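Data block below; observations after.
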Amino acid sequence: MSDVSDPVKTSENRFIRKAMQLPLLEREFEVELARKWRDNNDHKAMHELVMAYARLVVSAASKYKHYGLANADLIQEGNIGLMQAAGRFDPERGVRFSTYAAWWIRASIQDHILRNWSIVRTGTTAAHKSLFFKLRRLRAQIGEADGGALTDEGRQKIADTIGVTVKDVIVMEQRLSGGDQSLNALLTADAETEAIDFVVDSRPTPEQVTIAGHDKRVMSKWLNAALNELSTRERFIILKRRLKEEGTTLEELGNMLGVSKERVRQIEHRALIKLKQSLQSSTESHKDLLESSLV
């Protein structure tokens, strides 16, 4: 399919051409636009400032093409970084907008790559991110860029340079040496067995779900029946102390009921014994009924 029939590619090419054709701004005019955007919320000034440096996005995106992600997506993420730079730029600090924006563009593209390069997270610390993006270049610098496994000495050099452990280097080396594999991939060319066939499903079976639901309903019924056998004060204390996510303290209940907290503790203890006896009785009756039905 040609680029002409691909609307995404056509739009991308149009953006690249326009970005590379627009002239760069003089420092004074750049500061003027930035002030208009900051002080007056002038969207026209902001648009002119951003578009003048859109070529930085194109340049940055081209440096990350070897990670296998769509160039259009890299450009889009770079534009997000450029917009963030425009929103945070302070023209009074004497720094050119291009210098400031370059960092935001690169950071936005790198974050996108880390989120989408693999379903397995490659690391979140600054050191791990640096290792991810610099490993290939560092391999070349130490003379081990042939694509094979790094030597122990090479791993140590890279770990010392980045400030990570040798284990981190080994893990990143393995992640970069192979992409994600589909669970639907055939294990052999002449077989119909897929990788997913060997993945253990730890979720409960339909039978287990049904049994668990039934047991929960039965236990709830027994508990409600046991609670109804308690006195009003006993049931109130149990509900407040045992059946709430954050139980009420003995002292608080004592103040509510006009008794000491020791008296509340005694009532609670007595109520718990009653509940235990009632639930045991329900369990034994259920067991006897089940056994008789099987005879």
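The values are calculated or read from the model by the stated rules, or taken from the named source; none is laboratory data. From a predicted model like this one, the values you see are computed outputs, not experimental measurements. Methodologically, a virtual Cβ is constructed for each residue, glycine included, from the backbone with ideal geometry; neighbour enumeration extends over all protein chains shown.
Structure above, values below:
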read-out	value
Test: residue in the range 243-250 that is of a type in the set (S, T, N, Q), in a helix (DSSP H, G or I) and either more than 18 Å from H269 (Cβ to Cβ) or modelled with pLDDT of 90 or more (or both)	no
Which numbered condition L230 fails, given (1) in a helix (DSSP H, G or I); (2) within 20 Å of L279 (Cα to Cα)	(1)
Residue list for the range 237-278, restricted to those being under 44 Å from the mean Cα position of the chain (by Cα) and farther than 23 Å from N224 by Cβ	T249, L250, E251, E252
Tabulated pairs, the range 262-288, first assigned by TED's automatic domain parsing to the domain that holds A225, second basic (K, R) and in a helix (DSSP H, G or I), C-beta under 7 angstrom, 6+ apart or interchain	I267/R233; E268/R241
Qualifying residue in the range 34-55 (condition: farther than 18 Å from S108 by Cβ and either among the aromatic types (F, W, Y) or in contact (Cβ under 8 Å) with a residue 60 or more places away in the chain (or both))	yes
